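Peer 1: Questions regarding the structure given below will be posed in turn.
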Amino acid sequence: MSSIGVEEFHELQAEQSVLGAIFLRPECLDEISFLEPRDFSSEKHELIYRVMQYLYRADKPVDIVTVAEHFQRRNRLEDMGSVAYLLELQRSCPSAANVEHYARLVRSKALGRRIAEKGRQIASLSRDDFESDEEYFATVEEMIDELRPQQSIGMRSFGETKQEYMQHLRSKAGKMLSGFDQFDRWSQLWRGWLYVLAGRPSVGKTAKALQLAIGVARQRQGEGIFQIDAKDAGVVLIFSQEMDEDELKDRMVANISGVSYNRIINKGGEDGFTEEEWKKIERAYSELESLPIYIQDKAAVTIEEIRATARRFKKKYGKIALIIVDYLQIMHIPQKPGERRDQAIGRVTGMAKQIARKLDCCFLLLSQMTRDSENSEEPKLSHLKESGSIEQDADVVEFLWHNPDDTEQGGKVIQSVFAKGRNVGTNKFRYLFQGWLQRFKELEKKEVTKSERKNWPKNRK
């Protein structure tokens, strides 16, 4: 005891008591499943605990003989101390009755050590160079996340959770209006969703996403109904990687004002805007100004940066309604050694789904489609570019699809094909895309006959 402090001595005693209790009653490992090997301050205690867990999970006896044999077969007896030390551990705990108390003490001490160590690591970051403040904050948040215990949620009975479930039924469903009536009558946007909107170039993905952003930002929920022109749904965050902020504003102003998009991007032409056009533009911008929509135009954004930004807005405003990323394939997605591109993308979509759930919002991720999709009669999940985890992680996948044989006056007809819909199923809608206004207008559904399908060109856009 002379070489260590009193605190360290009591910590080692607690660790010894935990391991001794396991020798006395191995099934107590189930009671202390929250305790991780990394929680032990002594390396040999950590190794012994790992071996105990391994043997128990393999339905093998957990005693001095089996633990010692495991180390001996690997020529690592010295790493655990000795057989005599295992006997000492067993004698150190006369009863396994208080094992949970000792285990929680070990865990508490471990958390304190990790916090102190992370504090030193965070302080050392001041000497590193980061491309942006967001990258720095994302690194800090990742380090803090590593502190959290890797505890699994225990099994619970219906009786234990009845009150929570009844409260769940009494609460409002986590849905938001999209601004598209047919879609809203069918489903609406759900909080916690990872929503993938995919299409080939020039089909209107960005325009549809921006119209969704406006529709969501206009609403609030009250008295059991959705009301317009308020901000209760939460903020909308748009991460634009291809277009700058003014380009997005051009599209949104055209959508709301009715002033031609071509005239807006050409600043009204040689003669400028008419007085009436200026009034419409001012009114449209005033409405957009009143809506809780925020835009970041930065190339090669990372999912960590998106998460860090979203957390800050959640803390500041209390609620996030929608996160839009345009688009997945041009994000900065580093690949680990030996990792395929689709696996790296899978990490991003998996984290996007976690963000949607943890921040209780809808995460709208735009995606490209493969060239092979142009030869198909209808889009499929496999047509998602660099497909794999995208369709697995997504709650909803919507394809925007153009069939040149389906025509209407006043614009290009775009089919909306929902190929996947968790809790809502699949569906199809038709839109008239008025490109000069960057606006989608809903059309009545149209059934495609077999004869029409046969006449479709093999290589469609």
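The values are calculated or read from the model by the stated rules, or taken from the named source; none is laboratory data. Predicted model only: the values in this text are computed from it and were never measured. Cβ: placed from backbone, ideal geometry, glycine included. Neighbour counts: every protein chain shown. Heavy atoms of the whole protein, side chains included, go into the accessibility calculation; ligands, DNA and RNA do not. Shrake-Rupley method; radii C 1.70, N 1.55, O 1.52, S 1.80 Å.
Peer 1: How long is the gain from L24 to R76 if the chain were fully straight, where each residue apart is worth 0.36 nm and the alpha carbon distance is subtracted?
Peer 2: 16.4 nm
Peer 1: Using heavy-atom solvent-accessible surface (probe 1.4 Å) with all chains present, what is the largest-first order of Y195, Y294?
Peer 2: Largest accessible area first, the list is Y294, Y195.
Peer 1: Please calculate the 1.4 Å probe accessible area of K267, with all protein chains present, and give it to the nearest 10 Å².
Peer 2: Spelled out: K267, probe radius 1.4 Å, area about 130 Å².
Peer 1: Per DSSP helix of 4 or more residues, -39500 (n - 2.57); summed, then divided by the residues of the chain. What does that give at 222 nm, rounded to the nearest 500?
Peer 2: That calculation yields -14000 deg cm²/dmol at 222 nm.
Peer 1: In whole Hz and in residue order, list the ³J(HN,Hα) couplings for the stretch 404-420 that follow from phi through the Karplus curve 6.51 cos²θ - 1.76 cosθ + 1.60, θ = phi - 60°; x for Gly and Pro.
Peer 2: Values per residue, Gly and Pro as x: x, 7, 9, 10, 9, 6, x, x, 9, 7, 10, 7, 10, 10, 8, 7, 8 Hz.
Peer 1: Related question: Over the stretch 1-130, what number does the Rg to Rh ratio reach, with both radii from the alpha-carbon atoms and Rh per Kirkwood?
Peer 2: Checking Rg against Rh, the ratio lands at 1.04.
Peer 1: Go through the stretch 241-256 residue by residue and turn each phi into a ³J(HN,Hα) via Karplus (6.51, -1.76, 1.60, θ = phi - 60°); whole Hz please, and just put x for glycine and proline.
Peer 2: 10, 9, 10, 7, 4, 5, 5, 5, 4, 4, 5, 6, 5, 4, 4, 7
Peer 1: Given H placed on each backbone N at 1.01 Å, which residues far from K420 in sequence or on other chains put an amide H within less than 5 Å of it?
Peer 2: V397
Peer 1: Let me know the charge dipole size of the stretch 29-142 about its Cα centre in debye, to the nearest 20, where only the beta-carbon of Lys, Arg (+1) and Asp, Glu (-1) is charged.
Peer 2: Here the size comes out at about 740 debye.
Peer 1: Once fully extended, how much extra length lies between A299 and Q167, figured as 0.36 nm per residue of separation less the alpha-carbon to alpha-carbon distance?
Peer 2: Full extension of this stretch gives 43.2 nm more.
Peer 1: Something else: Net charge within 9 Å of F239 by Cβ-Cβ distance, Lys/Arg positive one each and Asp/Glu negative one each, not counting F239 itself?
Peer 2: -2
Peer 1: Among 46-52, 60-66, 432-438, how do they line up from the highest to the lowest mean number of other beta-carbon atoms within 10 Å?
Peer 2: 46-52, 432-438, 60-66
Peer 1: First check a/c for the stretch 349-419, with a ≥ b ≥ c the square roots of the eigenvalues of its C-alpha gyration tensor; if it is under 1.5, answer rounded, and if not, answer prolate when a/b is larger than b/c or oblate otherwise.
Peer 2: Oblate shape, in that a/c is at least 1.5 and b/c is the bigger or equal ratio.
Peer 1: Net charge within 11 Å of A110 by Cβ-Cβ distance, Lys/Arg positive one each and Asp/Glu negative one each, not counting A110 itself?
Peer 2: Summing Lys and Arg as +1 and Asp and Glu as -1 gives 0.
Peer 1: What are the residues whose amide H is under 5 Å from the amide H of I324, where those residues sit 5 or more places off or on another chain and H is modelled from the backbone?
Peer 2: L237, I238, F239, L364
Peer 1: Provide, as a two-decimal number, the C-alpha radius of gyration of the chain over 2.2 N^0.38 Å, N being how many residues it has.
Peer 2: With N residues counted in the chain, Rg over 2.2 N^0.38 Å equals 1.29.
Peer 1: By its C-alpha gyration tensor, with a ≥ b ≥ c as the square roots of the eigenvalues, how is the stretch 218-370 shaped: rounded for a/c under 1.5, else prolate for a/b larger than b/c, else oblate?
Peer 2: It is oblate, given that a/c is not under 1.5 and a/b is not larger than b/c.
Peer 1: In addition: Taking the chain as the reference, fit the longest principal axis to its C-alpha atoms, fit the long axis of helix 275-290 to the helix C-alpha atoms, and give the angle between the two in degrees, 0 to 90, nearest 10.
Peer 2: Once rounded, one gets 20 degrees.
Peer 1: How much accessible surface area, in Å² rounded to 10, belongs to the heavy atoms of L147 with a 1.4 Å probe?
Peer 2: Approximately 30 Å² for this residue.
Peer 1: So, one more: In sequence order, what are the phi-derived ³J(HN,Hα) couplings for the stretch 96-112 according to the Karplus relation 6.51 cos²θ - 1.76 cosθ + 1.60 with θ = phi - 60°, rounded to whole Hz, with x for glycine and proline?
Peer 2: For the stretch 96-112, the Karplus curve yields 8, 5, 9, 4, 5, 4, 5, 5, 5, 5, 4, 5, 4, 5, 5, 4, x Hz.
Peer 1: Also, quick follow-up: Using a 7 Å offset from the Cα along the Cα-to-Cβ direction at both S126 and E444, what is the distance between the two label points in nm, to one decimal?
Peer 2: 7.0
Peer 1: Can you give the relative contact order of the chain as a percent, counting alpha carbon pairs under 8 Å and 6+ residues apart?
Peer 2: Once divided by the residue count of the chain, the mean separation gives 15 percent.
Peer 1: In the structure shown, do any of K298/K428; K109/K315; K205/K249; K162/K316; K205/K385; K118/K336 have a Cα-Cα gap over 22 Å, and if so which?
Peer 2: Pairs exceeding 22 Å: K298/K428; K109/K315; K162/K316; K118/K336.
Peer 1: In addition: Let me make sure I get this right: for the stretch 238-279, a, b and c are the square roots of the gyration tensor eigenvalues over alpha carbons, sorted descending. Under 1.5 in a/c it's rounded, otherwise prolate if a/b > b/c, else oblate. Which is it?
Peer 2: prolate
Peer 1: Could you list which residues have their amide H under 5 Å from that of C93, counting only those 5 or more apart in sequence or on another chain, with H placed in the peptide plane?
Peer 2: none
Peer 1: So for E247, E242, what's the accessible-area order with a 1.4 Å probe, most first?
Peer 2: E242, E247
Peer 1: Counting only DSSP beta bridges with both residues in the stretch 221-347, tell me the antiparallel percent, nearest 5.
Peer 2: Roughly 15 percent of the beta bridges in the stretch 221-347 run antiparallel, per DSSP.
Peer 1: When the Kirkwood hydrodynamic radius is evaluated over all pairs of different C-alpha atoms of the stretch 70-213, what value in angstrom, to one decimal, is obtained?
Peer 2: The answer is 22.9 Å.
Peer 1: Any chance you could list P(r) for the stretch 304-405, counting all Cα-Cα pairs in 5 angstrom bins from zero, rounded to whole %?
Peer 2: 2, 11, 21, 21, 17, 13, 8, 4, 2, 0
Peer 1: Determine the gain in length on full extension of the stretch D342-Q392; use 0.36 nm per residue of separation and subtract their C-alpha separation, reporting nm with one decimal.
Peer 2: 16.8 nm
Peer 1: While we're here: Return the FRET efficiency for the residue pair D360, L147: r is the Cβ-Cβ distance, R0 is 22 Å, and the value is rounded to the nearest 0.05.
Peer 2: 0.45
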